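Below is one structure, written out as structure tokens; comments come after it.
We did not get these values from a lab; they are worked out from the coordinates using the rules stated. Here the structure is a predicted model, which means the values were calculated and not measured. Every residue, glycine among them, receives a Cβ derived from its backbone with ideal geometry; neighbour counts consider all protein chains shown.
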Amino acid sequence: MNNALEANSLSINRSGKPVLNDISFTVPAGEIYALLGGNGAGKSTTLLTFLGFLEAASGSVSVQGEQVNKNVKKAREAIAYLPEAATLYGHMSAYENLRYFLDLANAKASDSELNEALDSVALQTAARSQHMVTYSKGMRQKTAIALAILRDSPILLLDEPTSGLDPLAIDEFNRLARKLADQGRTILMVTHDVYGACQVADRIGLLRRGKLVGAFDRTEGEIDTETVHRAFAERAST
Amino acid sequence: MKQWQTIFIDEWRLWRRSYLAVSALVLFTLLLLATSIFTGLRMTEEQHAREHQQQEAEETFLSQPDRHPHRMVHYGHYAFRTPPPLAMVDPGVDAVTGQSIFLEGHRQNSAMFADERAAANTGGFGSLTPAKVYQLLIPLLLIAIGHGVVVRERESHTLTQLLSQGVSGTQIVAGKWVALASVALISLLPLVIASLSASTAGDSLSISLALVATYALYLLVWVSLIVLISTTTQTRGVALGLLVLFWITTAMITPRIGVASANATHPAPGKIETELRMYADKRELGDGHNASDPAFEAFRTNVLAQYNVDTIEELPVNFRGMVAQKNEADLTELMNQYAEEKMMQELHQSNHLRSFGWLSPTLATASASQSLASTGLQTHHRFLRETETLRLNFVQGLNQVHIDKLSYSDDINRNNDEESSRRVRVSSENWKVLEDFEFAPDQAAERWQAARYPLLMLLIWFVAFTVSGMYCAARIKP
């Protein structure tokens, strides 16, 4: 199976301090990989490195087999990124935000496709035409997820995707993520939601202070909530 | 649609929906319209008034009754500097140098009636003209609505979202630049209207358009700087602080430092000191009213020899008139030396100040604007020279009448009785020695020549900021 994402002996320094230290992992196409870790473990840094926003001190990252630092544009075109704090424009409605970012990404979507994506994240119909400045954090997160879906990118990088969502919406999101992976999309999500990760991920990596301290593979029967939670508590919590 | 176009449209959408941006745009539009209309009306009125006053002054001079020609030398005449049509945009030095001059024998007077001295309570602040609004206030509008164009995206993390869509930094910054540039160019609309109306009033169309292009370039310098700062800073507060600091430094402080430096480098001798020196020099030339002044001894000998007579009474011409004419010529030569010295010194100061355009795009623009509008110091100097020629010609013309049409004996006995006094009156027809005076604006080629150097400065400012902006845009990080 081809690897959609690959980190090889990756080390990253930020402000002169090591943030990632010699980590390696791969995410095969069509799989969900969850990076679990506490605050400051280096989870978001890993995602930003795949987007080419950070340069590796050593090692490399590849997207669809091509090193990111050699073709950042191609890597970004292949990726839909959902940041931790859903960063959309308050002066626009959900529809306008989606249209704007899709235009920038040269992606096309009809009105019905927009509504379908917003339906899939359960954003209230009445809210869709309102300026997002009035949205709650959860509503902004839902719109951002809808954007990631609509981008139709083969790879999704999700930074704390369920942060701010209510329990029902979290379940809905997990089902959606599974559905997308089943359709062939590759998802790399970073989270500290052990339960959610165990629900949807094919592989889980435990990150602690920039080092990969554990790995679990569903095909090997290694992913169950109790096992992962214990490992997280023992090895990954700060 | 290209990505920068999408970003450009969104920037306008944001401004349309922002109370701050809309309020700022409305406020500055009203300010621009008000200053353009008021300055336009004022300068048009000034132009007509000065043309009328010039005509009236000439009529008054010509309508004087028969009298001794030297009384007309002292009666004097006024010359008015008619403002060029583009003065409705930039009145330049007009407001401080004075707009009319009293011309009389034996003296070179200063220009009078400067607006800024005539106003009751200016407190050191000049009136607001379209040129000043464009030079000082429109950059503030651009700073107010533009300082956050890029850094706002960074602060709210939407920059990450934009970049992760595969949009390059260059496309993002280009879209923002074009959006802000469009605000700058729209703000030029009143200037375009004023310049075109100036060209219909007689100014060169190419010069009028060049003036618009100068201000467009100046505002684009600000646009490039604002986008550069917004691209390279981390917070809106820092971006705003840096831009306001740059504005204060270049638009307010540097011109004053430039003036102080020009005064220190090319110090002007004091007015009293100069006048005392000139007065001493003048005394050496003798008193033209007194033909027996020893200063004219050699002149008398030469004239007697030239006419081959022994006494001035035997001369076929009026010796007193000849003395007056010679004395006027000598005085004029002396006064011109002082005047040229003063103008040269003012020009040195002006050039020194202009070189501060390398430190302040506002100064470079002000210099180019005055040159193109024909309202700069050099134009004022030309006015002084032309009025001096007018003065000398009519004074010497009257002196010639004195020489040719009055007998020496009548002249020296003019105060004996009423009849003697009547005999030295010449016909008022002789007052036609006064030439018509009409001050024309500089030719287009001269204006280009004068504006070339500050325009080069402005172009270099633009290239420096734009290239730096492009460099930073290509390397932009969230």
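Counting each DSSP H run of 4 or more residues in chain A as -39500 (n - 2.57), what helix-only mean residue ellipticity at 222 nm follows after dividing by all residues, to the nearest 500 deg cm²/dmol?
-10000 deg cm²/dmol
Compute the separation of the alpha-carbon centres of segment A:133-186 and segment A:1-26 and state it in Å as a whole number.
24
How high is the relative contact order of chain A, in percent, with contacts defined as C-alpha pairs under 8 Å that are six or more residues apart?
It comes to 28 percent, rounded to a whole number.
One-quarter of the Cα convex hull surface for the protein assembly as shown, in nm²?
Projected area, direction-averaged: 41.3 nm².
What is the helix-to-structure angle for B:319-355, meaning the angle in degrees between its Cα long axis and the longest Cα principal axis of chain B, kept from 0 to 90 and rounded to the nearest 10?
Computed tilt is about 10 degrees.
Assign unit charges at the C-beta atoms only (+1 for Lys and Arg, -1 for Asp and Glu), then state the dipole size of chain B relative to its Cα centre in Debye, rounded to the nearest 20.
3220
Determine the shielding of peptide A:51-57 by partner chains: average, over its residues, the number of Cβ atoms on other chains within 10 angstrom of each Cβ.
Mean number of neighbouring Cβ atoms from other chains: 2.
Would you mind telling me the antiparallel percentage of the DSSP bridges in chain A, rounded to 5? Write down the numbers at each step before the final one.
Values: 22 of 41 bridges.
Approximately 55 percent, going by the DSSP bridge assignments.
Please tell me the relative contact order of chain B in percent, rounded to the nearest whole number, where contacts are Cα pairs under 8 Å and at least six residues apart.
Once divided by the residue count of chain B, the mean separation gives 25 percent.
At q = 0.13, 0.14 Å⁻¹, what is the base-10 log of I(q)/I(0) for chain B according to the Debye formula with one equal point scatterer per Cα and no solvent? Please give it to two decimals.
Ignoring solvent entirely, the Cα scatterers give -1.16, -1.28.
Tell me the angle of helix A:167-182 to the major Cα principal axis of chain A, expressed in degrees between 0 and 90 and rounded to the nearest ten.
Tilt relative to chain A: about 70 degrees.
Sort out the exposed loop GluC sites (Glu not before Pro) in chain B (DSSP loop, at most 16 other Cβ within 10 Å) and tell me the longest stretch that has none.
On the way: sites that count: B:435, B:438.
Of all site-free stretches, the longest is B:1-434.
With a point put 7 Å past each Cα toward its Cβ, work out how far residue B:273 is from residue A:234 in nm, to one decimal.
Simple spin-label model gives 9.4 nm for this pair.
Can you give me the C-alpha center-to-center distance between segment B:380-416 and segment A:190-233, rounded to a whole angstrom?
Using only Cα atoms to place each centre, the spacing works out to 109 Å.
In whole angstrom, how far apart do the alpha carbon centroids of segment B:326-375 and segment B:137-175 sit?
Taking the Cα centre of each part, segment B:326-375 and segment B:137-175 sit 44 Å apart.
Among B:285, A:212, rank each residue by its count of other Cβ atoms within 10 Å, from fewest to most, as a rough exposure measure.
Exposure proxy ranking, most exposed first: B:285, A:212.
Indicate the gyration tensor shape class of segment B:1-114 (rounded, prolate or oblate), computed on the Cα atoms with a ≥ b ≥ c the square roots of the eigenvalues: a/c under 1.5 is rounded; otherwise a/b larger than b/c is prolate and the rest oblate.
prolate
For segment A:1-137, just the Cα atoms, rotate onto the principal axes and tell me the three extents in Å, largest first.
Projected onto its principal axes, the Cα set of segment A:1-137 covers 48, 32, 23 Å.
D for segment B:368-478, whole µm²/s, Stokes-Einstein with Kirkwood Rh over alpha-carbon pairs at 20 °C and 1.002 mPa s: what number?
D = 109 µm²/s.
For the Cα atoms of chain A, what angle does the longest principal axis make with the long axis of helix A:111-120, in degrees from 0 to 90, nearest 10?
Value to nearest ten degrees: 50.
With a/c under 1.5 counting as rounded, go ahead and sort segment B:191-274 into rounded, prolate or oblate using the C-alpha gyration tensor (a ≥ b ≥ c being the square roots of the eigenvalues; past the cut-off, prolate if a/b is larger than b/c, else oblate).
Values: a/c = 3.74, a/b = 1.09, b/c = 3.44.
Note, shape of segment B:191-274 comes out oblate.
Based on Cα coordinates alone, diagonalise the gyration tensor for segment B:254-352, multiply each eigenvalue by 5, take square roots, and list the semi-axes in whole Å, largest first.
43, 12, 8
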